[in-house]
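Beneath this line is the structure, given in structure tokens, with notes to follow.
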Amino acid sequence: MTAEVNIKMVCTKCGLRPATTEIWQRYNDRTEKMFLCDECAKDYKPNVGFDDFCVLDKLMENSPISLLSGLSSFFGDEKETKKLICPNCRTTADEFLNTGFVGCTRCYEVFEPLIARTVKKIQQSDRHVGKKPQGADVGGSDAARLKEELQEAVDSRDYARISAISDKLRKLEGNGEV
Amino acid sequence: MSDNTIISTRIRLARNVDGLPFPHKLNELGARQITDGVERALSGVSRFTRYDMNGISRLDGTILQEKHLISPDLLTDSRFGSVLIGADETASVMVNEEDHIREQVILPGLSLDAAYERIQKIDDAIASNMKLAFSPRYGYLTSCVTNLGTGMRASVMMFLPGLTLKKLIDACITDVGRLNMTVRGVYGEGSEAEGYLYQISNQRTLGVTEREILDSVGGAINHIVDAENRARGLLLRNETELKDKIYRAYGLATNAYKLSTAEAMYVLAMIRLGAYYGYINVNNVDALTDLTTRCRPANMQKLSGKNLSIEERDVLRAKFLSANIKSLAQKSE
């Protein structure tokens with residue numbers, strides 16, 4: 001398991017470069033922590049076993065915010081995503097993962113891959129089904145939503161759902177709403 | 001009107017204005033723009049009074065917090081926080097707290113539908129005056145992902161002495177957790193909750209409709225009311241002990257020379273419980289709820305009109321409570 005390191009320290013493996021990543025490795029009843037630099041972290045091969053998932057279970061029991069910081073460790077292989085910074089408000093991916101807070105509406109686009117997964121874990125859903133603001137530009141959203149759902153159904157080869165969603169889409173098209 | 005177990009219902013909606021950074025990244029100009037916009041929008045609904053956190057005394061701010069009209073965070077953490085409060089203090093809108101806009105309606109008793117209906121008027125007025133941050137996928141966009149979607153938290157304040165005294169409250173909290181609800185002590189946590197007051201609210205805000213949230217909270221409340229009634233039945237197994245506790249509390253409330261906030265919370269809770277069993281006749285249960293707020297430290301301080309030491313405040317609280325309880329509640333024997 002890996003997580004970004006915020007404090008400055010030297011890599012525990014090479015002892016030369018500054019550590020940027022924290023690695024937790026669980027062996028039966030103990031957890032070992034390592035702090036690695038970018039180079040050593042790249043070469044590190046995690047020993048993923050059952051115990052790693054025990055750690056995950058513990059994280060899941062925590063509050064939403066702890067859950068978020070816990071999840072940050074699962075994005076360790078997505079270095080590019082973690083380097084993201086919102087051009088509008090300068091919020092970093094790390095800031096989001098550590099606090100659960102984004103800085104502006106633009107962050108929702110910038111950190112989309114991170115947000116999609118964390119939202120689903122916390123809310124058990126990633127799709128709004130409630131009220132829409134009066135006068136908001138949400139036209140066509142039904143069709144857009146259906147198209148996304150259709151894609152998901154195609155990906156999971158859920159043929160009954162594909163057919164049901166296609167019917168709904170055809171109806172919308174028939175009404176000239178698409 | 002509230003009953004013996006259900007004190008009040010509160011609904012809040014989290015909203016943000018499109019195109020501006022969320023409060024923790026917002027500058028003063030943007031913050032003012034939002035506050036002014038909300039004030040304009042609300043002027044079309046009814047009379048709201050605006051309080052800027054930078055412009056009111058700490059004491060007045062704490063009083064608003066003790067009345068549950070603002071959150072502790074607005075008072076201590078927000079840089080440009082304000083609140084707009086409706087004339088009867090049932091509706092309030094916090095500005096620049098965790099989100100740009102936090103609308104809230106509090107009504108006595110179990111009033112989920114009525115509270116939602118009222119908050120809709122406020123929400124629609126704001127939405128027709130300001131473009132709100134909204135995405136078809138995630139719904140109302142909020143600064144923390146735990147509030148996405150409806151941005152709605154429906155909570156009910158409950159008086160649960162039976163479950164607390166029978167040490168069943170933790171089991172109840174776990175049970176309700178399975179229904180995706182959260183239980184928190186209003187003043188303190190778990191069995192330490194002062195005055196046996198708890199807040200039950202929905203956890204999920206996304207992927208559920210407002211109607212579903214209202215129904216699920218309502219369902220959880222019914223479940224807790226049943227459990228509380230059973231627990232109050234169990235307390236009767238040792239009726240002499242129970243009656244003695246309640247009468248002693250009544251004695252303290254009417255005769256003590258000084259009372260701390262915690263003691264006041266306790267005696268008010270026991271009098272409320274005494275009313276349930278018919279040991280004490282209470283003319284108006286809502287007035288008891290109101291006393292719970294008016295006994296809090298900042299409210300006491302305000303009542304005296306001068307700076308008091310803790311001891312002086314405790315003496316004043318005992319005097320205040322004694323006068324009120326004597327006119328409000330009498331022993332039935």
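The values are calculated or read from the model by the stated rules, or taken from the named source; none is laboratory data. Values in this document were obtained by computation on a predicted structure and should not be read as measured data. When we count neighbours, we look across all protein chains shown, and the Cβ atoms used for this are built from the backbone with ideal geometry, even at glycine. Note: areas computed on protein heavy atoms with side chains; ligands, DNA, RNA excluded. Shrake-Rupley method; radii C 1.70, N 1.55, O 1.52, S 1.80 Å.
Data for the structure
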{"item": "From the options B:THR174, B:THR146, B:THR150, B:THR142, residue that is among the β-branched types (Val, Ile, Thr) and closer than 30 Å to B:GLY274 by Cβ", "result": "B:THR174"}
{"item": "Only listed residue being modelled with pLDDT under 95 and open to solvent by 30 Å² or more (accessible area, probe 1.4 Å), chosen from B:ASN299, B:ASN324, B:ASN307", "result": "B:ASN307"}
{"item": "Options B:ILE106, B:ILE122, B:ILE6: the member that is closer than 26 Å to B:ILE200 by Cβ, within 14 Å of chain A (Cβ to nearest Cβ) and touching a residue at least 40 places away in the same chain (Cβ under 8 Å)", "result": "B:ILE122"}
{"item": "Meets criteria (modelled with pLDDT of 90 or more and either touching a Phe, Trp or Tyr at 6+ places or on another chain (Cβ under 7 Å) or within 18 Å of B:THR142 (Cα to Cα) (or both)) for A:THR91", "result": "yes"}
{"item": "3 or more residues open to solvent by 60 Å² or more (accessible area, probe 1.4 Å), within 27 Å of B:TYR116 (Cα to Cα) and more than 14 Å from chain A (Cβ to nearest Cβ): qualifying helices (runs of 4 or more DSSP H) within region B:152-243", "result": "B:210-235"}
{"item": "Tally, over region B:68-106, of residues that are in a loop (DSSP other than H, G, I, E, B), surrounded by 24 or more Cβ atoms within 10 Å (Cβ to Cβ) and of a type in the set (S, T, N, Q)", "result": "1"}
{"item": "Unmet criterion (only one of (1) open to solvent by 60 Å² or more (accessible area, probe 1.4 Å); (2) in a loop (DSSP other than H, G, I, E, B); (3) not small (Gly, Ala, Ser)) for B:ARG50", "result": "(2)"}
{"item": "Test: B:GLY251 is free of Cβ contacts under 8 Å to residues at least 12 places away in the same chain, open to solvent by less than 30 Å² (accessible area, probe 1.4 Å) and among the small types (Gly, Ala, Ser)", "result": "yes"}
{"item": "Positions within region A:87-110 being within 10 Å of another protein chain (Cβ to nearest Cβ), among the hydrophobic types (A, V, I, L, M, F, W, C) and under 20 Å from B:LEU132 (Cα atoms), in sequence order", "result": "A:CYS89, A:PHE101, A:VAL102, A:CYS104, A:CYS107"}
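Listed here are the residues, each with its yes/no results for (1) touching a strand residue (DSSP E or B) at 6+ places or on another chain (Cβ under 9 Å); (2) at pLDDT 85 or above; (3) among the small types (Gly, Ala, Ser).
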position: A:LEU59; (1), (2), (3): no, no, no
position: A:SER66; (1), (2), (3): no, no, yes
position: A:GLU95; (1), (2), (3): yes, yes, no
position: A:VAL110; (1), (2), (3): yes, yes, no
position: A:ALA116; (1), (2), (3): no, yes, yes
